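*Asks:* Questions regarding the structure given below will be posed in turn.
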């Protein structure tokens, strides 16, 4: 413990210590439902002076609860901080936190593409730049902690929060999530890893549903992204809501203390997901009083109760006085909170809460970043020589997502998360629709057809009439993002099947029957099952909620100004596919003669087409790979097109014989490569043998000697080269300090 923190802790009363474990949520009763079971929670208007009389650990969402003018909000936050500092003996301010999953969840702030877009772009450097931009806006306002990124690996597409995930592959999630962490932390903002751990594996994809996974799925699929992001410098972790095999994460000492602290060496703070401490009593049935819930969470390792004090207040003080909670647990948590405040400069004698400004939260630089990321994330799934659309074409733009600003926004964007509760307040930033963007290039007509949910025959008939008069029809379908059942995608918006919501499939069929070539544009928070239409569609583009510049990016791709270069971070299912199903399947999880169900995806992980395909020349490496050393892999590409071309070189590992059943293949490296016209480029990967490790029978990660394959290609299915290598040397056991990332160098060749 830092001497300054130890000295401060020694001088604090028990009331002052407990106050550092609390948060206050101002104005939450006016903001609408933005957290689970909020209506049922004890969130009455807060007596602020009474709440901060002994100090305060955190302030919850002072900007992200109501549409607050950023400058007025920053002044209000500074005023609250001065009141907190004046109220406690030591002048300690609070840590202010906000959501920042698709950009800072504040009115008038840039709405960046959703995390699935980060995964689709396969571009960690660009995601890091986005994180730094978001962090810069937060610091300017006086916000210290961001509740992102979400590192849950997609396991079941029916889960509503798929849109918040980065993808179905732990390496991709870890590498991209770590980049976001580096960006956010580089701005001096604490990144909070969510949701530790197992949340995305709930039964049947139901939010909060029980989790029943084994130790190997936890260790080899769900935990690696957190390990990578911790090593990238994340200073906070948020628990998962779910229980695994009957143990809620909020009460799991083996997870939050033994693994996170003792194995991983984490020294930051663990904050409760909203109401998770009280859920130990109200939803999980592990405690019969708030005080007992507080004791369970503290013992497990949760340092701060969010979003407001329910259990870590008078109930905890009473439990301490009764001897039901060990005071050392409080000291442990408080020391971590104070250490983080020291790191943030909040304990400095000259600390001032006055905001730095300026308060332009959607500057041109951020819009450019949002556009670049959106462009790189658009995935061309299918194309029958239709795209790009020819100049001057008559284009019918049809569908519920064609002319709606919210169509490009995730559930944690401010207009969806908060703005929907304040319909008279404008969006606050410029957000073109697909219809707006396309009419700059084409002679366009428009018909709604049907809303995302509902609609009538007359609307579909109108769309059919409009489609018949056009040269091409762009049908824009997808999700209405929302919270807790108010949408078709988003937190608490789970589904029982993967058909397009409402009457959208019926609309698509009706337009296809006109004979006009149909380009399907999907603006979705999850992949949907479109195999019944794929053979009749002229082309399919997918944008996973690509943010405020997403429609502009789609128009750029449709017109050919931008070559599509996104690749799928999640597989698209085909009709009758089982649930859950990701590409990380063993032999018996794939199509076999032993089952009548074919889980083969319609479009596989890593898939994506281009207008300018790259020519693959060769791939080579040495055949011996020491179990404690490196393998050097070289891949050469050529661009035979007259325009620049981009390829995502993907490297998969296949381990034919292992101590336990393993996926047939898994991603261990990738590189986004852009080649000039006529250019040749070599990509040199350095792959450490640690990348082949898995959890064996001993429960430890191990690197085995023996034959393995490196499969190099355009996707998990489209493999260009297969190299057989021999891992030589003894079996090695590896831990948290193992090599988790490869390196690569891209070299243009004459």
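The values are calculated or read from the model by the stated rules, or taken from the named source; none is laboratory data. Values in this document were obtained by computation on a predicted structure and should not be read as measured data. Ideal geometry is used to build each Cβ from the backbone, glycine not excepted, and the neighbour counts take in all protein chains shown.
*Asks:* Are any residues in segment 392-415 more than 22 Å from residue 119 (Cα to Cα) and either at pLDDT below 95 or outside any loop (DSSP other than H, G, I, E, B) (or both), and if so, which ones?
*Replies:* 392, 394, 395, 396, 397, 398, 405, 415
*Asks:* From the set of residues in segment 44-61 that are surrounded by 17 or more Cβ atoms within 10 Å (Cβ to Cβ) and more than 21 Å from residue 347 (Cα to Cα), which is modelled with the lowest pLDDT?
*Replies:* Only one residue fits best here, namely 46.
*Asks:* Residue 107 - would you say it is in contact (Cβ under 8 Å) with a residue 12 or more places away in the chain and in a loop (DSSP other than H, G, I, E, B)?
*Replies:* Working: in contact (Cβ under 8 Å) with a residue 12 or more places away in the chain: yes; in a loop (DSSP other than H, G, I, E, B): yes.
When the stated conditions are applied, residue 107 passes them.
*Asks:* Can you give me the ranges of the strands (runs of 3 or more DSSP E) entirely in segment 670-750 with at least 2 residues that are under 28 Å from residue 215 (Cα atoms)? Write out each step before concluding.
*Replies:* Working: elements: 680-688, 701-703, 706-713, 719-728, 732-734, 743-749.
By residue number, 680-688, 701-703, 706-713, 719-728, 732-734.
*Asks:* Being under 10 Å from residue 294 (Cβ atoms) and either over 37 Å from the mean Cα position of the chain (by Cα) or in a helix (DSSP H, G or I) (or both) is the filter here, so list the residues in segment 318-334 that pass it.
*Replies:* 318, 319, 320, 324, 329, 330
*Asks:* Which one is farthest from residue 438 (Cα to Cα), of the residues in segment 492-508 that are in contact with a helix residue (DSSP H, G or I) (Cβ under 9 Å, 6 or more places away or on another chain) and crowded, with 24+ Cβ neighbours inside 10 Å?
*Replies:* Restricting to residues being in contact with a helix residue (DSSP H, G or I) (Cβ under 9 Å, 6 or more places away or on another chain) and crowded, with 24+ Cβ neighbours inside 10 Å, the top hit is 493.
*Asks:* Next question. Residues 155, 161: which one is closer than 20 Å to residue 411 by Cα, under 16 Å from the mean Cα position of the chain (by Cα), touching a residue at least 12 places away in the same chain (Cβ under 8 Å) and part of a helix (DSSP H, G or I)? I'd like the intermediate steps shown before the answer.
*Replies:* Details: 155 fails: part of a helix (DSSP H, G or I).
Within the list 155, 161, the selection yields 161.
*Asks:* All but one of (1) crowded, with 20+ Cβ neighbours inside 10 Å; (2) at negative phi; (3) in contact (Cβ under 8 Å) with a residue 40 or more places away in the chain hold for residue 471; state the number of the condition that does not hold.
*Replies:* Every listed condition holds for residue 471 apart from (1).
*Asks:* Across segment 416-435, what is the number of residues that are more than 17 Å from residue 105 (Cα to Cα) and either touching a residue at least 24 places away in the same chain (Cβ under 8 Å) or not in a loop (DSSP other than H, G, I, E, B) (or both)?
*Replies:* 4
*Asks:* While we're looking at this one, here's another question. Can you tell me which residues in segment 534-558 are part of a loop (DSSP other than H, G, I, E, B) and either modelled with pLDDT under 95 or within 21 Å of residue 488 (Cα to Cα) (or both)?
*Replies:* Correct list: 544, 545, 546, 547, 548.
*Asks:* Looking at residue 520, is it surrounded by 24 or more Cβ atoms within 10 Å (Cβ to Cβ) and either in a helix (DSSP H, G or I) or within 19 Å of the chain's Cα centre (by Cα) (or both)?
*Replies:* no
*Asks:* Would you call residue 86 outside the structural domain of residue 485 (by TED's automatic domain parsing), at pLDDT 95 or above and closer than 23 Å to residue 691 by Cα?
*Replies:* no
*Asks:* Filtering segment 217-240 down to residues that are out of contact with any strand residue (DSSP E or B) (no Cβ under 8 Å at 6 or more places or on another chain) and assigned to a helix (DSSP H, G or I), which residue is farthest from residue 699 (Cα to Cα)? I'd like the intermediate steps shown before the answer.
*Replies:* First pass over segment 217-240, keeping only residues out of contact with any strand residue (DSSP E or B) (no Cβ under 8 Å at 6 or more places or on another chain): 217, 221-225, 227-228, 231-232.
Of the ones still in play, those that are also assigned to a helix (DSSP H, G or I) are 217, 221-222, 224-225, 227-228, 231.
On the way: 217: 12, 221: 14, 222: 15, 224: 15, 225: 19, 227: 17, 228: 20, 231: 22 Å.
That would be 231.
*Asks:* Further question: Residue by residue through segment 576-625, note down the ones that are assigned to a strand (DSSP E or B) and surrounded by 16 or more Cβ atoms within 10 Å (Cβ to Cβ). Don't jump to the end; show me each part of the working.
*Replies:* Step one: list which residues in segment 576-625 are assigned to a strand (DSSP E or B), which gives 603, 609, 615-621, 624-625.
The answer is 603, 609, 616, 619, 621, 625.
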